[in-house]
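The structure appears right after this line, and notes come after that.
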Amino acid sequence: MTVRVLVADDEPLVRSGIDMLLSSCPQVVVVGETADGAEAVREARRLQPDIVLMDVRMPGVDGVEATRQITADSFSSSPDSPIKVLILTTFNHDEAVYAALRAGASGFLLKEAARAELVRAVLAIAAGDGWLDPAVTRGLLSEFAARPEPYRPTPTQLDELTPREREVFVLAAYGMSNSEIAEHLYIGEATVKTHFGRILMKLGFRDRVQAVVAAYQSGLVTPGSEPPPRSV
C-alpha cells in the first residue's frame, strides 16, 4: 500500500526536509506541499491524500481550523477513507496542539523527531492507529484529563464492552500500538484491530486518539499510573 501525503508548513526548508525524509520510504509518496492553512484545505480537497502533515501554527488559516475542515465528514471523496491529519509542532506543550486533536487530528509529532519516527508516525496513522509523540504523551493526556469535553462514554456504554475489549481499550490508553497490545495479551494483531474497531463503534469514537482521551476522562485510566502486567 502506498501512503499519499500532503505537507503543509509555512517554512520552505521544513517542507523540503520533510519531503526528503518521507521520500526515503518506498511506502510513502509526497503528493504536494502548501504554505498555509487555506491552501492546505484547497489542496487536500483537490489531491485527496491519505494524510496531511500539518504545521499547527501558520499565517491566515491556522492548522487547527484547517484540520477541522479537512476531517469533516463530507470533505473526503471517499467516506470510508477519510483524510487524516498528523500535526507537527515545535513545542512540547502547545495549546494549539490540544485544539487540533479536538478538531479531528489523529496525532502529533515534534518537528525535531528523528527521521525514523516521522516515517513510523505516518505509517501508523495510515494503518488506523493514532500517534502521540512519546516525549510529551503523559503531559498531554494529563492536560486532557483535567479539561471538560462535550462527549465521553457513559458507564452504560462502557458496560457494553466485553472483558477483552476493555483490556484492549485500557492498553491503547497507555500508548501501546496494536502490535504491543497483541504481544501483551498473547493474541494476534489482526484480533486487536478487530477489537478496537468494535470499541470505536460501540462507544461512538472517531479514532484512536479520541478513544484514548476518553479513557482518561472517564477514569478508566489514571494519569501517572502504569499499565497492567502481561497475562500469564
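The values are calculated or read from the model by the stated rules, or taken from the named source; none is laboratory data. All figures in this text were calculated on a predicted structure; none of them were measured in a lab. Cβ atoms come from the backbone with ideal geometry, glycine included; neighbour counts cover every protein chain shown.
Restricting attention to region 101-117, report how many residues are loosely packed, with under 15 Cβ neighbours inside 10 Å and part of a helix (DSSP H, G or I).
Matching residues across region 101-117 total 2.
Among the listed residues R15, R42, R4, R102, identify the single one that is of a type in the set (K, R), in contact with a strand residue (DSSP E or B) (Cβ under 9 Å, 6 or more places away or on another chain) and closer than 27 Å to A172 by Cα.
Unique residue meeting the criteria: R4.
Of the conditions (1) over 23 Å from D50 (Cα atoms); (2) at pLDDT below 85; (3) out of contact with any Leu (no Cβ under 7 Å at 6 or more places or on another chain), A127 satisfies every one except a single condition; which number is it?
Against the list (1) over 23 Å from D50 (Cα atoms); (2) at pLDDT below 85; (3) out of contact with any Leu (no Cβ under 7 Å at 6 or more places or on another chain), A127 comes up short only on (1).
How many residues are closer than 19 Å to A113 by Cβ and more than 18 Å from the chain's Cα centre (by Cα) when one looks only at region 66-88?
Total meeting the criteria: 0.
Looking at region 7-59 only, could you name the residues that are buried (at least 16 other Cβ atoms within 10 Å of the Cβ) and either polar (S, T, N, Q) or not assigned by TED's automatic domain parsing to the domain that holds S77 (or both)?
Listed by number, the residues that qualify are T34, Q48.
Against the definition (modelled with pLDDT of 90 or more and assigned to a strand (DSSP E or B)), how does V52 come out, yes or no? Walk me through it before giving the result.
Values: modelled with pLDDT of 90 or more: yes; assigned to a strand (DSSP E or B): yes.
Taking the combined requirement at face value, the residue satisfies it.
Evaluate the following for S179: is it in contact with a Pro (Cβ under 9 Å, 6 or more places away or on another chain), within 23 Å of A105 (Cβ to Cβ) and hydroxyl-bearing (S, T, Y)?
Here the answer is no, as S179 does not meet what is asked.
Identify all residues within region 171-221 that are β-branched (V, I, T), assigned to a helix (DSSP H, G or I) and surrounded by fewer than 19 Cβ atoms within 10 Å (Cβ to Cβ); write none if there are none.
The answer is T191, T194.
From (1) more than 21 Å from L101 (Cβ to Cβ); (2) under 20 Å from the mean Cα position of the chain (by Cα), pick out the condition that doesn't hold for G63.
Failed condition: (1).
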